[in-house]
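> Following this message is one structure expressed as structure tokens.
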Amino acid sequence: MKRPRESEAHGRPNDIPESSRVRDVQHRSDGGMDDPILECKHRIFLSHSGAQKNFVEILCEALENHGRFPFFDRRHSSLPKGESFPERILTAARQCQMGVVVVSEEYFMSKWPMIELDAFVQTWLKQEEQQLETKLKILPLFYKLSLVEFENEERRAAWYSKWEDLAKEDKRINISSWKDSLRQLKRFNGIEYHHNMSLMAYRDEIKDSICNEVPADVKRDDSHVQGGAKLCQVIQEAISGIQPSEQYGVRVVGVYGVGGMGKTTLCKILCNKFCEKSHVKSSHVELGSKSSTELLKGVLKDLTNNDHDFGNGLIEDKCWDFLKATCKQKIFLAIDNAWPDLKSREEAKKYLKLGKEVHKESVVIVTSRALETLTSLGVSEEDCFAMPSLKKEDAEKLFLYHATSGNRVLNKNDKQAIKKCIDLCYFRKGRSNDGHYLPLALKALGLQLGNRFGKRPSEWVKALEEVKDFNPLEDEENPVFGILRTSFDSLKSTEQDLFMDLVIFTPRHSKVDEEAGLSFGLMDWLAVVHNQSLLEIGNRVQRLKERGLVEDVDMGGQQVYMHDLYREFANLEASGKLKDLDFKKRKWAYYENSYTTECLKMMPSRGRWQNLTRFGIGQEEDRFGIEEEKPRRLEIERIKWSYLSDVVVLKVCCDLHQRDLDLNLKGLGCLKSLDLENVCPLDIRDGLQNLEHLVYFKCFLSHDAFLEKLPASLEVLLLEGSYGLSLGSGVFDLCSNLAKLEVTGCRAGNLDFRNCSSLQRLQLKGLHQNYHPDSESVVSELSLDGLQDLRKLTVFCWKRVDYIQEAAIVYNVHDKVHSYEMKCQLPGSLQVLEIDENVKCLRSDVFARCTKLSQLNLTSCHATSLNLRNCKALQTVKLEKVERLHTLSGLSSSAATLKRLEVNGCDNLDRIPGLHQLVGLRDLHLRNLCVNRNLRLSDLVCLTNLEELHLDGTDVELREKDVCVLASLPRLNPVGVAVGEFESYPSFSVDVKRRKVLRRVGREYWERDSWRNWEKWQEVDLGELPISCGTVEVLDTKFPFGTGQDY
């Protein structure tokens, strides 16, 4: 980091680049806010010398990624160009909640770091004298200077001498105060860097410590909110006037109002407001916006300050246990969008019950559209309040914000025109004469007029004739639907199709599996159906966001977020309830848990519904609680599918009791996307191969069916059958355009892929031998022919499935252990290969063509030898329980690229030739290799990039020569040598640099405040050599009761 030169003491620092990852969280001027929601200061100040700039830069980015935005002099938000920097630095240092001091020799020899340290300490001393409850925290990081070195008197004398030189140049320097600050610094508990730690682990420890002490900055962007301070004031006054709930133990306030009133926005503002308070953590959970597990993990991260990926391996019950056990501080929790159905109520009650676990001064707010929903959750009616209404001036500002993109400089003569516009967004409250402005309506109208007619209010008034009928159904409950209709009708026909596809016709359970990279996401599906690239689809969805129909777009996660009223609008539009149209004019039709009366009773002219391009029917039986009346089953069997010949997207999702359905689709010549779930057809062989335009086919069948020929146009095929779906041997004969294929839980004989010349990604999970249609004999082997001809195949995964045992019992196949053969070579285009299946024969030259292979993962396979000589791009190799494997050769071909090598439980492996040549290797795991006596640890002397080495359970001895060689590796962390109670972590490690044996002492996670503190290590001297790796009992004797020093 570049510090200002001494000559610049009264000027400005050198140009400081701004990281693209930083967000400016300072208070922004907003005409609609009476008081700033955010304070103009940084909670954290990173104080350091220029010598540690790279270390602090990475630490700053880690904190930013966790919602903390420190004062850091390379950030434009900290030191804006053109402003006097000394005053900003001193103000930030005195106002922060935590001063982080990166201790080093250079720190105490530099002027500005010492000025910052003195500001921290003197502020703390003043707060201590005033006996303030909340004082500035100072966190010393002994990074380049140990604690012992810090207290060395000779060093301090050199620092004092340097300070005297600085004081001669700058008379403002008070050496006495600096000496006092230096003495006080050792009073503060810091974090010391040990040479046996990796730099990443050290930074993670610092980041976690800071996040545990300092709450996150801005939770949600509320810069566009008008009248936010007034809304906060009303609700906060309500909160202060209520008593803690006897049922939930904390203060619980309910807020209700029609959709579009701004309840979600209010929750975001309150989260920001409470987040400002010290020792208060806040979280906003919007029920129904994500799965219950995803929402819970978000709350867990907010209220416990854990990593973004924390809890990825935890099931939902464990998340709740951990949240209840660790969340004991004051919190503000917003439970938003509670619905009256049983599932939503039960989920809301789980969060409300968290009040019994947290600090008694915590606050919980629950929002819903109806007062009755709140009272059914146990919220006292006296503690429930109607959503505060927008004032006229705030409504005008909100409308203008969206109509003019935040530019509010308008002519005074335009006020009358603006009044006419916002009057269209004023609705009566039930039967009374009172009314309110709907924020969502103001946003929708503002975006629509601004996008279509620019920033000219006179043009807006002329356009009002086109959009004046905002509430054609005179719906007092949801009058905003009329405004949403005008926004929707202003779209081109193709953009309307895209919006309806986003909300209604997307195949269920479409998501991206980041680990396998195979599953087909929402954006992938839209690109296929609309015959466009992902970039083009992303741009189109972004334009929907600009029109206000979409709230946010996550292209990486392939998710689109929108207001629930837009989803309701799309559902009403698809069901024909929102606009009075003859069915023959309908473009979309979707019926969930209701009868398809039009299709059942009406005869279309010319034998088909000419305008209908999207059609769907569905029923989810498990969504109805026991307290609710279940509708009668859909009579799908009466549908005349031939009437739907112009349909492009077809989605049929039934309950599990729908059987023997005559699903003949051969007449749907325009069909591009077919999504079948729990449909149980008599036979779906007929007709599919004739669908010349079908590009996407997803089929989940829970009953027996046989699938034969598929059309040549198919590009994406996702099949899941719970072992009821059987695939014919020629099922892929015509599939020359098939690019992505996933087959899960199906029966199959020989799968011939040689005609699938476009196949890029292939995943086979839980395949089972097929039954011949004319007999009960089982095909003895399942082979994969033609794989070597797939020149575009980049990913191939072949795995088991979790429910294989359950399915085996159902289908009476558990009496035979099935194995499979793969006799062919793999294609040269392959980049990722993952096999976790009982493949009994892998030929030794199976990888002969795989020059581009980067990831190789083999588990539970059979192979006597593997030759990786031609695999020159490998980055990761993982071999686990590969039976009968004697020889692993050719690894040296990827010596420069291979980063991770794991070999576990390969009992017969004799040696790994070329191991000493893998100079790029960072992680080496050689676990449970019982007969690998040819392994010499001294051969690893050239692996200077090695960071992790694990030898748990491997038959190898650690000798004096080995310790010396390993100690010479500059990046190597302690070596794992034995596994104890917890298999995934080594119980014993050897710190070869300090010649210590380390023992891991496990702790149950709920006994601590943080998941990362569930373990600690003890150490003793290494003692006599050699040590046999894997002998837990021998290593444990080095730690007799009461010995071992914690570190």
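The values are calculated or read from the model by the stated rules, or taken from the named source; none is laboratory data. Given the structure is predicted, the values throughout are model-derived calculations rather than measurements. Cβ coordinates were reconstructed from backbone atoms using ideal geometry, including for glycine residues, and neighbour counts include every protein chain displayed. For the accessible areas, the whole protein counts, side chains as well, though only heavy atoms, and no ligand, DNA or RNA atoms are used. Shrake-Rupley method; radii C 1.70, N 1.55, O 1.52, S 1.80 Å.
> When you scan segment 392-409, how many residues do you find that are in contact (Cβ under 8 Å) with a residue 60 or more places away in the chain and surrounded by 15 or more Cβ atoms within 10 Å (Cβ to Cβ)?
Number of matching residues: 6.
> If you take the residues in segment 611-655 that are under 32 Å from the mean Cα position of the chain (by Cα) and over 20 Å from residue 588 (Cα atoms), which one is modelled with the highest pLDDT?
The residue in question is 655.
> Sort through 104, 110, 77 and tell me the only one that's under 27 Å from residue 162 (Cα atoms) and open to solvent by less than 30 Å² (accessible area, probe 1.4 Å). Break it down stepwise before answering.
Working: 110 fails: open to solvent by less than 30 Å² (accessible area, probe 1.4 Å); 77 fails: under 27 Å from residue 162 (Cα atoms).
The conditions single out 104.
> Which residue, of 301, 318, is more than 23 Å from residue 246 (Cα to Cα), crowded, with 19+ Cβ neighbours inside 10 Å and of a type in the set (Lys, Arg)?
Only one candidate passes the filter, namely 301.
> What residue, of 459, 381, 476, is modelled with pLDDT of 80 or more and surrounded by 13 or more Cβ atoms within 10 Å (Cβ to Cβ)?
So the residue among 459, 381, 476 that is modelled with pLDDT of 80 or more and surrounded by 13 or more Cβ atoms within 10 Å (Cβ to Cβ) is 459.
> Give the number of residues within segment 253-271 that are of a type in the set (Val, Ile, Thr) and assigned to a helix (DSSP H, G or I).
Of the residues in segment 253-271, 3 are of a type in the set (Val, Ile, Thr) and assigned to a helix (DSSP H, G or I).
> Filtering segment 538-549 down to residues that are closer than 13 Å to residue 491 by Cα and out of contact with any Ser or Thr (no Cβ under 8 Å at 6 or more places or on another chain), which residue is surrounded by the fewest Cβ atoms within 10 Å (Cβ to Cβ)?
546
> Which of the following residues is at pLDDT 90 or above, among the charged types (D, E, K, R) and farther than 24 Å from residue 552 by Cβ: 353, 324?
None of the others qualify; the one that does is 353.
> Let me ask something else. Under 24 Å from residue 652 (Cβ atoms) and either not aromatic (Phe, Trp, Tyr) or not in a loop (DSSP other than H, G, I, E, B) (or both): does that describe residue 758?
No; evaluated as a whole, the condition is false for this residue.
> Restricting to segment 706-746, count the residues that are open to solvent by 10 Å² or more (accessible area, probe 1.4 Å) and under 20 Å from residue 766 (Cβ atoms).
Residues meeting the conditions: 9.
> Of (1) assigned to a loop (DSSP other than H, G, I, E, B); (2) over 41 Å from the mean Cα position of the chain (by Cα), residue 154 satisfies all except one. Which?
The number of the failed condition is (1).
> Can you tell me which residue in segment 311-348 is farthest from residue 377 (Cα to Cα), limited to those that are out of contact with any His (no Cβ under 8 Å at 6 or more places or on another chain) and small (Gly, Ala, Ser)?
313
> Go through segment 667-701 and report how many residues are of a type in the set (D, E, K, R), closer than 14 Å to residue 654 by Cβ and modelled with pLDDT of 85 or more.
The number of residues fulfilling the criteria is 1.
> Also, I was wondering about something else. Keeping to segment 346-377, report how many residues are within 16 Å of residue 247 (Cβ to Cβ), surrounded by fewer than 19 Cβ atoms within 10 Å (Cβ to Cβ) and touching a strand residue (DSSP E or B) at 6+ places or on another chain (Cβ under 8 Å).
The qualifying residues number 1.
> Okay, next question. Kindly list, by first and then second residue, each pair from a residue in segment 844-865 that is of a type in the set (Gly, Ala, Ser) to a residue that is open to solvent by 40 Å² or more (accessible area, probe 1.4 Å) and assigned to a strand (DSSP E or B), limited to pairs with Cβ atoms under 6 Å and residues at least 6 apart or on different chains.
From segment 844-865, the pairs are 844/867; 865/887.
> Sticking with this one: Restricting to segment 127-143, name every residue that is touching a residue at least 40 places away in the same chain (Cβ under 8 Å) and surrounded by 15 or more Cβ atoms within 10 Å (Cβ to Cβ).
Applying the first criterion (touching a residue at least 40 places away in the same chain (Cβ under 8 Å)) to segment 127-143 yields 134, 136-143.
Within segment 127-143, 136, 137, 138, 139, 140, 141, 142, 143 meet the criteria.
> Please determine, by comparing only the residues of segment 843-863 that are assigned to a strand (DSSP E or B) and open to solvent by 10 Å² or more (accessible area, probe 1.4 Å), which one is farthest from residue 908 (Cα to Cα).
The initial filter retains those residues of segment 843-863 that are assigned to a strand (DSSP E or B), namely 855-859, 862.
After this cut, where a residue has to be open to solvent by 10 Å² or more (accessible area, probe 1.4 Å) as well, the list is 855, 857, 859, 862.
Details: 855: 23, 857: 18, 859: 15, 862: 11 Å.
The qualifying residue farthest from residue 908 (Cα to Cα) is 855.
> Another question about this same structure. Working only within segment 944-959, note down all residues that are within 22 Å of residue 988 (Cβ to Cβ) and either open to solvent by less than 70 Å² (accessible area, probe 1.4 Å) or at pLDDT 90 or above (or both).
946, 947, 948, 949, 950, 951, 952, 953, 954, 955, 956, 958
> A further question on this structure: Considering only segment 161-188, state which residues are at pLDDT 90 or above, open to solvent by 70 Å² or more (accessible area, probe 1.4 Å) and either more than 13 Å from residue 111 (Cβ to Cβ) or β-branched (Val, Ile, Thr) (or both).
Once the filter is applied, which keeps residues that are at pLDDT 90 or above, open to solvent by 70 Å² or more (accessible area, probe 1.4 Å) and either more than 13 Å from residue 111 (Cβ to Cβ) or β-branched (Val, Ile, Thr) (or both), segment 161-188 yields 176, 183.
> Given the conditions (1) touching a Phe, Trp or Tyr at 6+ places or on another chain (Cβ under 8 Å); (2) over 20 Å from residue 833 (Cβ atoms); (3) not small (Gly, Ala, Ser), and given that residue 942 satisfies all but one, which numbered condition is not satisfied?
(1)
> Sticking with this structure for a sec: How many residues are acidic (Asp, Glu) and within 21 Å of residue 192 (Cα to Cα) when one looks only at segment 126-153? Explain how you work it out, then say what you get.
Our first condition is that a residue be acidic (Asp, Glu); within segment 126-153, this holds for 128-129, 133, 149, 151, 153.
Next, only the ones that are within 21 Å of residue 192 (Cα to Cα) stay: 149, 151, 153.
Going through segment 126-153 one residue at a time, the tally reaches 3.
> Could you tell me which residue of segment 53-83 is farthest from residue 205 (Cα to Cα), considering only residues that are touching a strand residue (DSSP E or B) at 6+ places or on another chain (Cβ under 9 Å) and at pLDDT below 85? Quick ask: steps written out before the conclusion?
Keep residues of segment 53-83 that are touching a strand residue (DSSP E or B) at 6+ places or on another chain (Cβ under 9 Å), which gives 55-56, 59-60, 63, 68-73, 77-79.
Narrowing the set further to residues that are at pLDDT below 85 leaves 68-69, 73, 77-79.
Details: 68: 15, 69: 18, 73: 23, 77: 26, 78: 24, 79: 27 Å.
Result: 79.
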